[in-house]
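Shown next, in structure tokens, is the structure this report addresses.
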Amino acid sequence: MAKTVLVINSGSSSIKYQLVDLESGEGLASGLVEKIGEPIDGHYKHEYNGEKHELEEPIHDHEQGLKRVLGFFEEYGPKLSDAGIVAVGHRVVQGGSLFPKPALVTDKTINQVKDLAVLAPLHNGPEAKGAEVMRALLPDVPQIFVFDSSFFFQLPKAASTYALNKEIADQYHIRRYGAHGTSHEFISSVVPEVIGKPAEGLKQIVLHIGNGASASAEISGKPVETSMGLTPLEGLVMGGRTGDIDPAVVFHLIRNAHMNVDELDALFNKRSGMMGMTGFGDLREVHRLVAEGNEDAKLALDVYVHRIVSYIGNYTYQMGGCDVITFTAGVGENDDIVRKMVCDKLAPFGVKLDEEKNATRSKEPRVISTPDSSVIIAVIPTNEELAIARKSAAIAEASEDTYGNKFAK
């Protein structure tokens, strides 16, 4: 019988889900719930067996949304009772210092995830709520928290510590936690097989570039650096986020623009980045503007690439070299223009891009550099859902060995 895991990503007003086959690694069914708690009709989408089913209705809360999702599985398939479901895995952005690895969902861990919302206010609360609801709806299926920050819990102290007053940093748990860890861990684990080199001693840089964007460096599969910090705001230029910026800009805007904390939060996280510079967070629209001769868009794209190259240079010297750079996520996997711009900047150091391979669209893992390139350049589609499913199944199996069929309260 097949074994599957239902992976759920609960946001403040949305829920993404996918039923993953553990043996094949394929997503059997997937869907999206949007506009939860909004005064307009919400939207459901459920896809299975090549068919798409959609529904619009007011969605008052996560409980209503998740009940409807389970109804879709029952009505449109596959029925979870027949799908061999062994766990429900919940993606959580921030595990802080409490969760260096995935954890069984219990009363205690739900409260701990809620408490960590001070470090991820837009994410942890809804993620805890989603787990709470699913635990009630499927009481006989183990629920697992999988944390985006866990992979980077292994960062060296020099990389995870801010040069902030120690007492303040300790009291308020201020350090570099990183994000997108599930993706970075997945990609760095499959790179050796894709490029045909042993993992031991391999020095690699992973560029997870989507609407949110982050870079990481790994040696022998262990993280030694990442671009995101206490929150996902630090690091690369993103769709709506500034990335790295002088913190004194905050003081300047408080004093001179009389902006409050909420206004600054929205400015830095939602109204900046590519959106703030061009009016569009989508790189496809930015490329269109560049092609039309828009100077603001051209500058924005140059800033975007400049920041990526800066991190590549930093990480290369921190590791004492670099064997492979991998592009992943929405932009990284699909935007050949950005990949070429980055690699052109690296050309003086012997990086050589195969132009034809770079321009070819594919969903398969592939090498796009020439054989004589000083650094291998790869494109590998990320699969966070599969990584979460595998981790969830492992924790579920361990918890069953410990608790039998009764999961900890």
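Over all directions, the projected convex hull of the C-alpha atoms in the stretch 158-230 averages 5.5 nm² in area.
Of all DSSP bridge pairs formed entirely within the stretch 4-154, close to 75 percent run antiparallel. A quarter of the convex hull surface defined by the alpha-carbon atoms of the stretch 4-154 gives 9.0 nm² as the mean projection.
In the chain, the DSSP-assigned H stretches of four residues or longer account for a calculated mean residue ellipticity at 222 nm of -12000 deg cm²/dmol, using -39500 (n - 2.57) per stretch and the full residue count as denominator.
Put +1 on the Cβ of each Lys and Arg and -1 on the Cβ of each Asp and Glu in the chain; which of PHE151, VAL305, ILE195 then has its Cα farthest toward the positive end of the dipole? Of the options given, the answer is PHE151.
In straight-distance terms, cross-link reach from LYS340 covers every one of the lysines whose alpha-carbon lies under 19 Å from its own, apart from those fewer than eight places away in the same chain; here that gives LYS298, LYS352, LYS357, LYS363. In this Cβ point-charge picture (+1 for Lys and Arg, -1 for Asp and Glu), the chain has a dipole of about 880 debye about its Cα centre. Note on the stretch 193-300: semi-axes of the ellipsoid equivalent to its C-alpha gyration tensor, largest first and rounded to whole Å, are 31, 21, 9. Shape verdict for the stretch 1-55, please, from the Cα gyration tensor: rounded (a/c under 1.5), prolate (a/b greater than b/c) or oblate. Oblate, since a/c reaches 1.5 and b/c is not below a/b. Measuring between their Cα centroids, the stretch 122-142 and the stretch 326-378 lie 40 Å from each other.
Each DSSP beta bridge with both residues in the chain is either parallel or antiparallel, and the antiparallel ones are about 70%. Checking every one of the GluC sites (Glu not before Pro) in the stretch 1-106 against DSSP loop status and a limit of 11 other Cβ atoms within 10 Å picks out GLU23. Taking packing as the residue-averaged number of other Cβ atoms within 10 angstrom, the listed peptides 108-116, 247-255, 313-321 run from highest to lowest as 108-116, 313-321, 247-255. Based on the reciprocal of the average 1/r between different C-alpha atoms, the Kirkwood radius for the chain equals 22.4 Å. With all protein chains in place and a 1.4 Å probe, the accessible surface of the chain carries 52 percent carbon and sulfur.
The values are calculated or read from the model by the stated rules, or taken from the named source; none is laboratory data. This one's a predicted model, so the numbers in the text were calculated from it and none came from an experiment. Note that each Cβ is placed from the backbone with ideal geometry, even for glycine, and that neighbours are counted across all protein chains shown. Please note that ligands, DNA and RNA were not included when accessible areas were found on the heavy atoms of the full protein model with its side chains. Shrake-Rupley method; radii C 1.70, N 1.55, O 1.52, S 1.80 Å.
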